[in-house]
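The values are calculated or read from the model by the stated rules, or taken from the named source; none is laboratory data. Computed from a predicted structure; not experimentally measured. Methodologically, a virtual Cβ is constructed for each residue, glycine included, from the backbone with ideal geometry; neighbour enumeration extends over all protein chains shown.
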Amino acid sequence: MAENNPKYANRIIKQLKAFKKSHNLDDSYDPYKAAYGSMPSHAAANPAVQQMYINGHFCYAYKFGIITNGLGIVRDITFYNKDFLKAHPDIVGEKKSDSPDEDKSLADSKALIPVLKDFFQKHPLINPKIFLGDAAFDSVEIYKYLLLETPFDKAYIPLNGRISLPEADCPLNEDGIPCCPKNPALPMKQEGSKSHLRCGLPTVKFVCPKMKWKYDKLTKRSKRVCHCENPCTESSCGRMFYLYPEKNLRAYPGTLRGTKEWDSTYKIRVNVEKSINHFKDSFCVAGRKTQNEKTLHADLLLAGITQLITVLVADKIHKHQYIRSLKPLIA
């Protein structure tokens with residue numbers, strides 16, 4: 001595409017930088033965002049080739065979505081073509097702002113739910129319990145869909161902004177963990193996650209970070225004792241705080257952020273990223289010269305079939321370390 005030539009974008013950016021300088025505009029005017037807004041939304045040679053902002057640079061390309069399992073094995077491929085957009089007219093395809101990052105996140109989040117709906121319709125026997133995604137999927141609508149309308153029990157999605165609880169007397173940190181009211185840098189300690197309510201709503205209990213259990217030899221029982229020098233409550237046990245995940249799925253999507261469970265589970269996304277890069281590089285999906293949509297679609301499906309054949313062969317010869325590596329498997 002002529003629009004993918006670096007000179008195309010650089011020429012527009014250079015002109016807008018000169019415009020900013022000649023009109024003595026302040027830093028609120030961003031030539032790069034202005035250039036993004038002035039560029040056409042699709043390539044002149046082919047309307048199906050859409051404008052995108054990927055890894056810090058502008059480009060015009062076809063877009064597709066891949067669903068994999070935790071091992072990075074492809075389970076579904078969706079090509080964002082006219083048929084897909086026609087089947088899901090609620091997806092916003094046009095630019096809505098002058099921010100390329102914002103539009104990319106919007107496009108990714110809008111496409112996720114339709115892609116998953118199609119996936120579960122095609123594969124009714126697949127019932128995954130954990131969803132892993134990047135911060136582009138951090139929206140209230142997506143959490144509600146994932147945790148209330150699908151088999152997923154937990155959604156591991158990083159926050160792309162701070163969260164808060166209305167009328168909460170304990171501030172929340174960037175991971176959604178309540179902190180000491182007098183020291184927001186001091187997170188409270190989690191103590192259990194079972195419900196003690198008659199209504200059966202699940203709760204997550206947090207206690208004062210300076211609370212310790214003290215054993216009484218006379219009663220032979222342990223009790224909480226707060227050792228805070230400047231307590232925020234008159235209770236000898238210290239402050240206790242209860243959260244109700246069901247009331248705020250974005251803050252508590254079936255799991256707690258910032259915990260060892262979160263960190264160890266989210267690391268699995270490395271396999272997904274490796275698999276996507278494998279499609280782009282090893283299977284030569286990226287950097288193509290053809291503009292034919294049908295050819296690209298066919299090659300993409302063949303790449304997925306090739307990966308699945310690799311998995312089958314590696315499993316049959318008991319070389320599971322090569323399930324995503326065709327080259328060493330052949331060697």
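Step by step: first the residues of segment 223-232, then only those that are assigned to a strand (DSSP E or B) and not hydrophobic (A, V, I, L, M, F, W, C), then the one that is surrounded by the fewest Cβ atoms within 10 Å (Cβ to Cβ). Which residue is that? Break it down stepwise before answering.
Here is the first cut: in segment 223-232, the ones assigned to a strand (DSSP E or B) are 223-226.
From what's left, not hydrophobic (A, V, I, L, M, F, W, C): 223-224.
Working: Lys223: 11, Arg224: 16.
Across segment 223-232, the extreme among qualifying residues is Lys223.
Report the residue count in segment 153-177 for those that are modelled with pLDDT under 85, within 20 Å of Thr203 (Cβ to Cβ) and surrounded by 14 or more Cβ atoms within 10 Å (Cβ to Cβ). So that I can check it myself, show each step before the final result.
Filtering segment 153-177 down to residues modelled with pLDDT under 85 leaves 159-177.
Next, from what is left, pick out any that are within 20 Å of Thr203 (Cβ to Cβ): 163-173, 175-177.
Pick out the ones that are also surrounded by 14 or more Cβ atoms within 10 Å (Cβ to Cβ) and you get 163, 165, 170-173, 175-177.
Selection size over segment 153-177: 9.
Test of understanding: among Lys220, Lys260, which residue is of a type outside the set (A, V, I, L, M) and either touching a residue at least 24 places away in the same chain (Cβ under 8 Å) or farther than 23 Å from Phe131 by Cα (or both)?
Exactly one of Lys220, Lys260 is of a type outside the set (A, V, I, L, M) and either touching a residue at least 24 places away in the same chain (Cβ under 8 Å) or farther than 23 Å from Phe131 by Cα (or both), namely Lys220.
Of all residues in segment 247-265, those satisfying the criterion of being surrounded by fewer than 16 Cβ atoms within 10 Å (Cβ to Cβ) and outside any loop (DSSP other than H, G, I, E, B) are Lys247, Lys260, Glu261, Asp263, Ser264. Within segment 24-38, the set of residues being assigned to a helix (DSSP H, G or I), more than 13 Å from Met52 (Cα to Cα) and of a type in the set (A, V, I, L, M, F, W, C) comprises just one member, Ala34. What are the residues in segment 138-157 that are outside any helix (DSSP H, G or I) and in contact with a helix residue (DSSP H, G or I) (Cβ under 6 Å, 6 or more places away or on another chain), if any? Of everything in segment 138-157, those that are outside any helix (DSSP H, G or I) and in contact with a helix residue (DSSP H, G or I) (Cβ under 6 Å, 6 or more places away or on another chain) turn out to be Ser139, Phe152, Ala155, Tyr156, Ile157.
One residue is enough: does segment 280-292 have a residue meeting the conditions modelled with pLDDT of 80 or more and either loosely packed, with under 13 Cβ neighbours inside 10 Å or assigned to a loop (DSSP other than H, G, I, E, B) (or both)?
Our first condition is that a residue be modelled with pLDDT of 80 or more; within segment 280-292, this holds for none.
So far as segment 280-292 goes, no, none of its residues is modelled with pLDDT of 80 or more and either loosely packed, with under 13 Cβ neighbours inside 10 Å or assigned to a loop (DSSP other than H, G, I, E, B) (or both).
Filter segment 194-222 down to residues that are assigned to a strand (DSSP E or B), of a type in the set (Lys, Arg) and modelled with pLDDT under 85, then give me how many there are.
So the first thing to find is which residues in segment 194-222 are assigned to a strand (DSSP E or B), and the list is 204-207, 211-216, 221-222.
From what's left, of a type in the set (Lys, Arg): 205, 212, 214, 221.
After this cut, where a residue has to be modelled with pLDDT under 85 as well, the list is 205.
Number of matching residues: 1.
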